[in-house]
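FYI, it's all coordinate maths here, none of it is from the lab. Note that the structure is predicted; figures quoted are calculated from it, not measured. In this analysis, Cβ positions are derived from the backbone assuming ideal geometry, glycine residues included, and neighbour counts consider all displayed protein chains.
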Amino acid sequence: MGEVQRYFLIFLGALLIYNILLIRFIALCSYFGISNSMDTSIGMSLAVIFVMMVSSTLSWGLWNYVLAPLGIGEFLYIPVFIFVIASFVQLEEMFIRKTAPTLYKAMGIYLPLITTNCAVLAAATEVAKPGFLKMSIAYNYTLPEAWVYTFGVALGYSAALILFAAIRERVDFAPVPGPLRGYPMAFVTSALMSLAFTGFAGLFGL
Amino acid sequence: MAGGGNLVVTVSPHIKSPETTGSIMRLVLLGLLPATLWACVLFGISGIAVIAISVITALFCEVTWHNLRDGKGTGRTWFALVSSLVVPIGVSAAGLGRAAPAAAIALMSAFILSEAGISRQGERRHSFDGSAAVTGLLLALVLPPLVPWWIPFVGAFIAIWLGKEIFGGLGYNVFNPALVARAILVLSWPAHLTAGWFRSLGIDATSKATPLMLAKTGAAADLTAYYAPLLLNNPGGCIGEVSAFLLLVGGAMLLWKRVITWEIPVTYLGAMAVASVLMGVDPVFHLLAGGAVLGAVFMATDYVTSPVSSRGKIVFGIMCGAITMLLRVYSKAPEGVTSAILFMNMVTPLIDRSTMPRPFGVVRAGRGVRK
């Protein structure tokens, strides 16, 4: 299998076929909390893409150069990754506030939210210990593969979030029966969105 | 408002179109009629049974939901609902399995007729706009003819309740109800939904693979041999896939009556043709086979779940066609129309948002949010 083909499959798998929100159901809290409006969804998406790329790189490095060689990765990786991601996001927030006020205005308020976003942890864990993309390719991600994978996950998160925000703008104005208004309807809608994503299962053998 | 002879004072709108939801739905039913009748001939009693159960259950679901929503005849509605579930099960348990669908049909029709026909004190009779009948018929047309009777029964409940009414009824659903039901049925009972193709016309009624399945596995070497059967009397496939020609006749009628516009069917099928040439497969075969025509003409053009603007419709159609071919050629399943349309239904609100026409004279927003 060619290198480009491998990258393509990893990207597509992360983006569509194993979409982090709608197929694996990770990070639902931010998904339901943020999708009320399009503007917040876009801001959150940008912030997630940025944080995910950096935190995956960090955790990939930590796993391959520290945790795995020392043989302590198996039981320590979750606390280590959580600690690294949380402290990195805090640091980054301070850094962005000082150096790039415009950027901070666009996505700064979402950064504290991302500290505890499980999608970020899931992507960071996956690039260190692969297991979700059940492909016959890459059992250990190289760094470029980890980037491609993480970018796919982050874009998949953004796509699902923005699509959901657009749908919710419509559903919120519909005469939904009383007991179903609000979150119940959001869950029903996202279940049906998940159904639409399920259609891609098996594409390219993924 | 002094009534001065011929002078009528009213608020706008002053020009009223005779077109109503009911009249449009009747035209859609009429458009589906040729293919449906031909399917009844080809598949005999089993095809008729699936269509009848699906349509009647869809109407039944609509009536019961509206009754319960409006607090109208709650007691008798619950009674009808429970008995329509319990009686067929009881009949089956009594060893009269073949009578179960008949019992269900009889019960549900009786309830529908009584709700529509009998006027009760202080209640409005149920009036049908035909949308449930269209959904029920479309659901039957995307099912294989030999499914067990409870598949269209359950499917119609999913289509009307989960696909449509839960969102607030007609006009508010995000996804095409019939396709939601089909997708859930395929996920839940794949064995029933991927077999059961047959024909009763002729000497023997045997279960066969669909042409798309044969093309997928490579068992059919010469696809041109399938052109004529796919156009006229498809040897294997869902009820509504009997004849691409009859579906196109119905579609042409809808186009002529301006019930649908050209954008979605043309771009859908056009994109499929282009994509199949690019992927190196037979374009004519793929346009005729499976649910392509049914999907492009009758499913994707659903007003509620497709974009409003002309530009949006073109984007929608092209994406549907491309995804359909992508799934047909590169995924494990032989068919991709259902998934493609459902996926694009999901994207429709975003397409609508981004293809919203700019009012005349308004300067483009500087942030580049609107393209």
If you take the square roots of the eigenvalues of the alpha-carbon gyration tensor of chain B and sort them as a ≥ b ≥ c, do you get rounded (a/c under 1.5), prolate (a/b over b/c) or oblate?
oblate
Per-q log10 I(q)/I(0), the protein assembly as shown, q = 0.09 Å⁻¹ (Debye; single scatterer per alpha-carbon; no solvent)
-0.79
In whole angstrom, how long is each semi-axis of the equivalent ellipsoid of chain A, when you take the square root of 5 times every eigenvalue of its Cα gyration tensor and sort them from largest down?
29, 23, 15
Using alpha-carbon pairs under 8 Å, 6+ residues apart, how would you state the relative contact order of chain B in percent?
16
Where does each of B:Asp352, B:Asp302 land when they are ranked from fewest to most other beta-carbon atoms within 10 angstrom?
B:Asp352, B:Asp302
At a 10 Å Cβ-Cβ cut-off, how would you order A:Val153, B:Val154, fewest neighbours first?
B:Val154, A:Val153
For chain A, the longest principal axis of the Cα atoms and the Cα long axis of helix A:118-128 enclose an angle in degrees, to the nearest 10, of 30
Alpha-carbon radius of gyration plus Dmax, which is the widest Cα pair, for the range B:48-102 in Å:
12.9, 38
Can you give the net charge of the other residues whose Cβ lies under 10 Å from the Cβ of B:Ser309, counting K and R as +1 and D and E as -1?
0
Looking at the calculated P(r) for the range B:21-192, what percent of the C-alpha pair distances fall above 23 Å?
39
Which entries of B:Lys164/B:Lys332; B:Lys216/B:Lys257; B:Lys16/B:Lys164; B:Lys164/B:Lys257 show an alpha-carbon separation above 32 angstrom in the structure shown?
B:Lys216/B:Lys257
Just need the relative contact order of the range B:284-368 here, percent rounded to a whole number, with Cα pairs under 8 Å and 6+ apart.
31
Calculate for the protein assembly as shown the 222 nm mean residue ellipticity that helices alone would give, adding -39,500 (n - 2.57) per DSSP H run of length 4 or more and normalising by residue count, nearest 500 deg cm²/dmol.
-19500 deg cm²/dmol
Here, the range B:250-339 modelled as identical Cα point scatterers in vacuum has Debye log10 I(q)/I(0) at q = 0.15 Å⁻¹ of -0.50
Least to most buried among B:Val174, B:Val329, B:Val8, by other C-beta atoms within 10 Å and fewest first, runs B:Val8, B:Val329, B:Val174
Pop out the Kirkwood hydrodynamic radius of the range B:229-285 from its pairwise C-alpha distances, inverse of mean 1/r, in Å to one decimal.
12.7
In 10 Å bins starting at zero, report the fraction of Cα pairs in the range B:108-153 per bin as a rounded %.
22, 39, 26, 11, 2
For the Cα atoms of chain A, what angle does the longest principal axis make with the long axis of helix A:73-99, in degrees from 0 to 90, nearest 10?
70
Over the whole of B:182-189, what's the average partner chain Cβ count within 10 Å per residue? Rounded to a whole number, please.
2
Could you tell me the relative contact order of the range A:1-140? Use alpha-carbon pairs under 8 Å, at least six residues apart, and round to a whole percent.
32
